[in-house]
Structures are given as structure tokens and as C-alpha cells.
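Every number here is computed from the coordinates shown, using simple stated rules; none is lab data. Computed from a predicted model, the values in this text were never measured in an experiment. Neighbour counts are summed over all protein chains in view; Cβ atoms, including those assigned to glycine, are modelled from backbone coordinates with ideal geometry.
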Amino acid sequence: MRSYKTYSLDEAKARMERYCAYRERCHKEVTEKLREMRMIPDAVDLIINHLITENYLNETRFAQSFARGKFRIKKWGKNRIIRELKARDISQFNIKLALKEITETDYLTAFHELSEKRWEQLSSEENLQKKKKKFADYLLYRGWESNLIWEKLNELLSQSS
């Protein structure tokens, strides 16, 4: 039989304060962590309320930080950021606020740099159809809008011909 560590309410609160202070967390992550710690639903609610009251847990702050980070570091487009935030049960209101963290200029600059870099990486691909598909799939997976991708593809094709 497996024994599990049990936590008092105060121990669990302190542990979750450290967990949330380390980096921004969403409510879903904290709830899952508390469930892994085998906390009862009433205790989970108490701890989450405590974390919100003490400003360890703030969904708006999480969403904004998430959007900035994934855009700047991973070069994700808005569609991927929205999809990932929805998967974390972030409200539509907070998703809209989060996307305002990315300026239109930065967004388009990042898109053009990423797409041109990808086009260069595919320069060894002989088959133009395969090259176009790989290019589009790469950018779509990263959440960039299809109209941007097709415009860029046409621009790159006209440059190369």
C-alpha cells in the first residue's frame, strides 16, 4: 500500500504561495496541483481564495505574461496563444487583454522574420508544392493567421521568380 504525504491547510497554503511566487500560474494549474496534493475540495477553495486575496494568483496577470512570453520567446501567433489560454480556462475578457500586450508592429515584424527564416530553411526542397505545404503547415501550427501566411507565400513566390 502506498502512503501519501498529507498537508495541513497552512502547509498547503505556504507551499502554494511558493508555487505561485516562482512564476505566474493560472487557476487551473493551481487546482490541479492541490488535487495532486490530495487536498479536499473545500480546502482547495479556501487556498485558492487565499492566493487570490493575497495577490499570488491573478488570472489577468497570468494571461498577459503568458501571451508576452509565448509571442516573444516561442514566436507563437495569436491563434495559438488564444487556443492555449482557452485550454487553461482563461476568460474571454482576459484573453482580449492578453492579446493587447502584443503591438501590431511587433506582431507583423515577428511574422515576417519567422516566415522568411522558414522559407530559407526550406530552400533545399525541390518540389514547390511540398515546399509551400511545409511553409504553411509550420506557420499554421504556430498559430499565425492563414491570410497572413498566404499573402507572405505569394510575396516570397513573386520574389523568387
| note | Subset of region 108-145, residues among the hydrophobic types (A, V, I, L, M, F, W, C) and buried (at least 17 other Cβ atoms within 10 Å of the Cβ), comes to ALA110, PHE111, LEU114, TRP119, PHE135, ALA136, LEU139, TRP144
| remark: With the first residue restricted to region 66-86 and required to be over 19 Å from LYS28 (Cα atoms), and the second required to be aromatic (Phe, Trp, Tyr) and surrounded by fewer than 17 Cβ atoms within 10 Å (Cβ to Cβ), Cβ contacts under 7 Å at 6 or more apart or on different chains are none
| request: Just name the residue that is nearest to PHE66 (Cα to Cα) out of those in region 97-142 that are among the aromatic types (Phe, Trp, Tyr) and under 20 Å from the mean Cα position of the chain (by Cα). | output: TYR107
| Selected residue (only one of SER115, SER123 is of a type in the set (Gly, Ala, Ser), in contact (Cβ under 8 Å) with a residue 40 or more places away in the chain and over 30 Å from HIS27 (Cβ atoms)) | SER115
| query | When you go through (1) over 22 Å from ILE90 (Cα atoms); (2) touching a helix residue (DSSP H, G or I) at 6+ places or on another chain (Cβ under 6 Å) one by one for CYS26, which number turns out not to apply? | reply | (1)
| request: May I ask you to list the residues in region 44-68 that are surrounded by fewer than 17 Cβ atoms within 10 Å (Cβ to Cβ) and of a type in the set (Val, Ile, Thr)? | output: ILE52, THR53, THR60
| note | How many residues of region 1-30 are surrounded by fewer than 17 Cβ atoms within 10 Å (Cβ to Cβ), free of Cβ contacts under 8 Å to residues at least 24 places away in the same chain and part of a helix (DSSP H, G or I)? The answer is 6
| Quick one: how many residues across region 73-96 are over 9 Å from the mean Cα position of the chain (by Cα), surrounded by fewer than 17 Cβ atoms within 10 Å (Cβ to Cβ) and in a helix (DSSP H, G or I)? | 6
| task | Select from region 35-72 the residues that are in a loop (DSSP other than H, G, I, E, B) and under 21 Å from ALA21 (Cβ atoms) and write down the one among them that is farthest from the chain's Cα centre (by Cα). | result | MET39
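Quick grid of which residues meet (1) of a type in the set (Asp, Glu); (2) within 30 Å of LEU57 (Cα to Cα):
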site	(1), (2)
LEU85	no, yes
ASP89	yes, yes
LYS117	no, no
SER123	no, no
TRP144	no, yes
ASN147	no, no
